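Please read the structure below before turning to the comments.
The values are calculated or read from the model by the stated rules, or taken from the named source; none is laboratory data. Everything quoted here is computed from the prediction, not taken from an experiment. Here Cβ is always computed from backbone atoms with ideal geometry, including for glycine, and neighbour counts include all displayed protein chains. What goes into the accessible areas is simple: the full protein's heavy atoms, side chains included, and nothing from ligands, DNA or RNA. Shrake-Rupley method; radii C 1.70, N 1.55, O 1.52, S 1.80 Å.
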Amino acid sequence: MYKGNNPTALQSKQMILSAMFKLLQEENYQNISVKKLADRAGLSRQTFYANFTNREEVIRSELDRIFVDYKQAIDKSDNSSSQLIYLFFKFYKMHEQEIDVLLANHLEPLLTEVARECMNSLQISGENNSQYAYGFVAGGLTQILSDWNKQNKDLPIEELAELTVSLLDTSTS
């Protein structure tokens, strides 16, 4: 993926990102080819490959960008597991449109992977095996969000967050 500061390349990169999320609203991810993506962005395939390796990297780039908000919120919190959960759902609301289109295209594994990497990069837990905890939490939160989305968001997001916190509350067990 392109990491430089060339204004033209950065503009091309943004055009590709925008085209990807517009296409995801119109059709299934599996049907979006690099050619179709480049055409929608008004760029050549060569320009696409100068900025990204593949389609997944386009989505990862956007997820990395939007997870910055989550990282910043966690940095300012008490780092408790309940706070991690509440912030995840708050983060979802901030980026609802982008995340909903990923869920509609069955891209939960990618969302889970980036969420886990985000949590791991913060090194919240001092435990030796924290990668398992982060995988468990990221996978669980993503799956709850996906199931809730499939149920047409039948609960207010605040109630969903409360329910999730209660599922992990071991003090009442």
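Points worth noting:
- Pairs are defined by a Cβ separation below 8 Å, a sequence spacing of at least 6 or placement on different chains, a first member in the stretch 99-115 that is among the acidic types (Asp, Glu), and a second member that is open to solvent by 30 Å² or more (accessible area, probe 1.4 Å); the pairs so defined are ASP100/ASN149; GLU108/GLN143.
- When GLN97 is tested against (1) closer than 17 Å to ILE74 by Cβ; (2) open to solvent by 70 Å² or more (accessible area, probe 1.4 Å); (3) modelled with pLDDT of 90 or more, only condition (1) is not met.
- Here ILE124 meets each of (1) outside any helix (DSSP H, G or I); (2) at pLDDT below 90; (3) surrounded by fewer than 15 Cβ atoms within 10 Å (Cβ to Cβ) with one exception, condition (3).
- Filtered by the rule that a residue be out of contact with any Phe, Trp or Tyr (no Cβ under 8 Å at 6 or more places or on another chain), farther than 23 Å from HIS95 by Cβ and open to solvent by 60 Å² or more (accessible area, probe 1.4 Å), the stretch 43-59 gives ARG45, GLN46, TYR49, THR53.
- Near pairs, Cβ below 6 angstrom, 6+ apart or cross-chain, from the stretch 131-158 (in contact (Cβ under 8 Å) with a residue 12 or more places away in the chain) to any residue that is part of a loop (DSSP other than H, G, I, E, B) and among the aliphatic types (A, V, I, L, M): none
- Residue in the stretch 100-107 that is in contact with a Cys (Cβ under 9 Å, 6 or more places away or on another chain), in a helix (DSSP H, G or I), modelled with pLDDT of 85 or more and open to solvent by less than 30 Å² (accessible area, probe 1.4 Å) present: no
- For the stretch 154-173, taking the residues that are surrounded by 13 or more Cβ atoms within 10 Å (Cβ to Cβ) and not acidic (Asp, Glu), the one that is modelled with the lowest pLDDT is identified as LEU168.
- Hey, THR112 more than 24 Å from ASP39 (Cα to Cα), of a type in the set (Ser, Thr, Tyr) and at pLDDT 90 or above or not: yes
- The set of residues in the stretch 8-29 that are in contact with a His (Cβ under 9 Å, 6 or more places away or on another chain) and either open to solvent by less than 30 Å² (accessible area, probe 1.4 Å) or more than 14 Å from ARG55 (Cβ to Cβ) (or both) contains only TYR29.
- Segments classed as helices (runs of 4 or more DSSP H), wholly inside the stretch 17-86, with at least 1 members that are touching a helix residue (DSSP H, G or I) at 6+ places or on another chain (Cβ under 6 Å) and modelled with pLDDT under 95: 45-51, 55-75
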